[in-house]
Ligand code: C5P
């Protein structure tokens, strides 16, 4: 069988990661968290004291860090220049800066290239989650899903995951990040015309997983 390519996009806190990992594991596919890659390059910029407010400073070093993603859905990994950054990329100092870094075209082009290489080498197929996978990274994906949820549901889910923030702060930060991601010039967060939209506000994670698994099986 030819590899199946699944793109899952949507704003933060819609259950993209949990859904994507579970669907990949259940169907024996690889899994790629593209947000982790943008967080990883942001972590490198912060660690190397690059001025985040200066897009040209970011662009000048965008090609420097070597980012490697492990695509096993039961234990995805992420390293920068050989350093395991799975923990640090979830901290506030990275989360608050990732939208600015990911808006820089030089950052996007090199991370996009990396994503296409990884997707192209998946033997059975891959579930790729992000913001611009269906629109830009993998426009020929076999299945495109766009997950949504109310801001309240998204903030509640995220505050359970991220360290060091209360619900109100999380909600405000999340809305700000989505607005930045949706309004940037280069491949903003957007639903592809041919994506299936799933509103997860009133669904359990199990229901969302079942829904996506069924849609993938129809394509196989
Ligand atoms: O998915 P996650 O919340 O970890 O993504 C972190 C950030 O990475 C997003 O807010 C966005 O700025 C950026 N991102 C992106 N394109 C993707 C995935 C993530 O710009 N495909």
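Values quoted throughout were computed directly from the atomic coordinates according to the rules given, and no laboratory measurement underlies them. On a predicted model such as this, the values are computed, not experimentally measured, just so you know. Note that we place each Cβ from the backbone using ideal geometry, even for glycine, and neighbour counts take in every protein chain shown.
Select from 89, 50, 41 the residue whose mean-square fluctuation is largest in a Gaussian network model of the chain (Cα-Cα springs shorter than 10 Å). The residue that fluctuates most here is 50.
For the chain, the 222 nm mean residue ellipticity estimated from helices alone, with every DSSP H stretch of n ≥ 4 adding -39500 (n - 2.57) and the total spread over all residues, rounds to -14000 deg cm²/dmol. Whole angstrom only: what separates the Cα centroid of segment 181-219 from the Cα centroid of segment 100-144? Distance between centres, Cα-based: 15 Å.
Once both labels are positioned 7 Å from their Cα atoms along Cα-to-Cβ, the gap between residue 186 and residue 202 label points is 4.1 nm.
With both partners inside segment 4-219, how many of the DSSP beta bridges are antiparallel, as a percent to the nearest 5?
Values: 6 of 24 bridges.
The answer is about 25 percent antiparallel.
Could you give the length gained on full extension between residue 81 and residue 25, defined as 0.36 nm per residue of separation minus the Cα-Cα distance, in nm?
17.4 nm
Inter-label distance, residue 57 to residue 150: 4.2 nm, where each label sits 7 Å from its Cα along the C-beta direction. Is the shape of segment 99-220 best called rounded, prolate or oblate, per the rule: a/c under 1.5 gives rounded, else a/b larger than b/c gives prolate, else oblate, with a ≥ b ≥ c the square roots of the Cα gyration tensor eigenvalues? Judged from the Cα gyration tensor, segment 99-220 comes out oblate (a/c at least 1.5, b/c at or above a/b).
Residue separation of residue 210 and residue 68 scaled by 0.36 nm, minus their Cα-Cα distance, works out to 48.1 nm of gained length.
Calculated on the Cα set of segment 1-59, radius of gyration then Dmax: 15.8, 47 Å. Mean separation of Cα pairs under 8 Å and 6 or more residues apart, divided by the residue count, gives the chain a relative contact order of 34 percent.
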